[in-house]
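Read the figures in this text as sums done on the coordinates, not as results from a lab. On a predicted model such as this, the values are computed, not experimentally measured, just so you know. Cβ sites come from the backbone with ideal geometry, for glycine too, and all protein chains shown count toward neighbours.
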Amino acid sequence: MSDVLILAIESSCDETAAAVVKNGREVLSNVIYTQIALHTQFGGVVPEIASRKHIEKINQVIEKALEEANVTLKDITAIAVTYGPGLVGALLVGVSEAKAISFATGLPLVGVHHIEGHISANYIENKDLEPPFVCLVASGGHSHLVVVKDYGKYEIIGRTRDDAAGEAFDKVARAIGLGYPGGPKIDKISKEGNPDAIAFPRAKMADNEYDFSFSGVKSAVLNYLNSCQMKGEEVNRADVAASFQKAVIDVLVDHSIHAVKSFGYDKFAIAGGVASNSSLREAFEKRCEKEGIKFYHPSPIYCTDNAAMIGAAGYYDYVNGIRSGMDLNAVPNLRLGER
């Protein structure tokens, strides 16, 4: 079988990204234009600004991805693009671009689910990883526990009832004056703090042992900060960050490992922006080693939004015969497993 080269496009939030991926696991190029500096002044992503920046940058990013991979559109087998979930305006830029290239070249078009992309990021560097396994997807918009039954076949067994883990990190970071983006800043300052300094709550859901809830721990941090302010007590930001981070990590680790054992698997993977958190990785490494579970994770560059992961997912969709038509549209609330 000849090589399958996927040109992948990702524009679901504030990263304009394009990549060329060979046979699902070999990244020939991975170009990311990040808008973080632009949105930091607003304390979060402004959808309208993100969409406009995508329009401005997308052609340059794609050209650079093809150039770095040393290929032209004539060498490409198919175009893969994120079509949901995400910010509708941002998604539309990538989807429109992918449809235009597909229409102009006659190349097949494959719409890819963003979360499927995050899960598939694990295939890039872990050549031995194959389904079935359990994957925790933790990012600014999502906290999902997923059973990966096969390539393109998923069952969500747990999800957040309120805030996603990354969203809680951002809100707490803002509350203690660290700014945006919160995840990396809390990860960094936590190293200077005592994770056992403050007892923040860990939520358990009575009706689904795999579900998450992070609004309680976020509220507990805000209440603690207000209480300190009212009493005139000084706040140790590093201790607050470390204690909050430990509360979130404990829940993510406990629920995930419980799921792996309950389903009888011996493989576990993490994905999404929060998966680049060094304390989370360390906690999973220790626990998986103790439980005899093989632990997989992508490099930090493949945890945040990127197009290489979309290329990996797009490859498996392509070989499974999935094709999208010119009616492909952005679906901001697309659920995993939906088409």
On Cα atoms only, tilt of 237-262 relative to the major axis of the chain in degrees: 60 degrees
For segment 162-217, average projected area of the Cα convex hull in nm²: 4.3 nm²
Sorted largest first, extent of the chain alpha carbons per principal axis (Å): 67, 46, 33
Interatomic Cα distance distribution for segment 242-301, bins of 5 angstrom, percent: 4, 18, 32, 25, 15, 5, 1
Over segment 53-188, volume per residue of the alpha carbon convex hull, in Å³: 159 Å³
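For segment 109-210, count the residues as N, evaluate 2.2 N^0.38 Å, and divide the Cα radius of gyration by that value, please. List each step's numbers first, then the result.
Working: Rg = 16.5 Å, N = 102, 2.2 N^0.38 = 12.8 Å.
Against the empirical 2.2 N^0.38 Å value, I get 1.29 for segment 109-210.
Rg to Rh ratio, segment 130-299, alpha-carbon atoms and Kirkwood radius? Walk me through the intermediate numbers first.
On the way: Rg = 16.1 Å, Rh = 16.3 Å.
My calculation puts Rg/Rh at 0.99.
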q = 0.09, 0.15, 0.17 Å⁻¹: log10 I(q)/I(0) that the Debye formula gives for segment 224-339, counting C-alpha atoms only: -0.42, -0.90, -1.02
Least to most buried among Lys261, Lys218 (fewest other Cβ within 10 Å first): Lys261, Lys218
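How long is the gain from Glu48 to Asp207 if the chain were fully straight, where each residue apart is worth 0.36 nm and the alpha carbon distance is subtracted?
On the way: separation 159, 0.36 × 159 = 57.24 nm, distance 3.85 nm.
So the chain would gain 53.4 nm between Glu48 and Asp207.
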Using alpha-carbon coordinates, inclination of helix 308-319 to the longest axis of the chain, degrees: 50 degrees
Between helix 215-231 and the chain: long-axis angle, C-alpha atoms, 0 to 90°, nearest 10: 40 degrees
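For a footprinting-style exposure proxy, rank Thr304, Thr160, Thr105 by other Cβ within 10 Å, fewest first. Before the final figure, lay out the partial values.
Values: Thr304 26, Thr160 22, Thr105 13.
Ordered by Cβ neighbours within 10 Å, fewest first: Thr105, Thr160, Thr304.
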Distance histogram in 10 Å bins (all Cα pairs of segment 6-129, percent per bin): 14, 45, 33, 8, 0
Cα-based radius of gyration of segment 190-230 once divided by 2.2 N^0.38 Å, which approximates compact folds: 1.43
Inter-site label distance for Cys228 and Glu63 at 7 Å from Cα along Cβ, in nm: 5.0 nm
Residues Lys290, Lys204 arranged by fewest to most Cβ contacts within 10 Å: Lys290, Lys204
Antiparallel bridges, percent of DSSP beta bridges restricted to the chain (to nearest 5): 60 percent
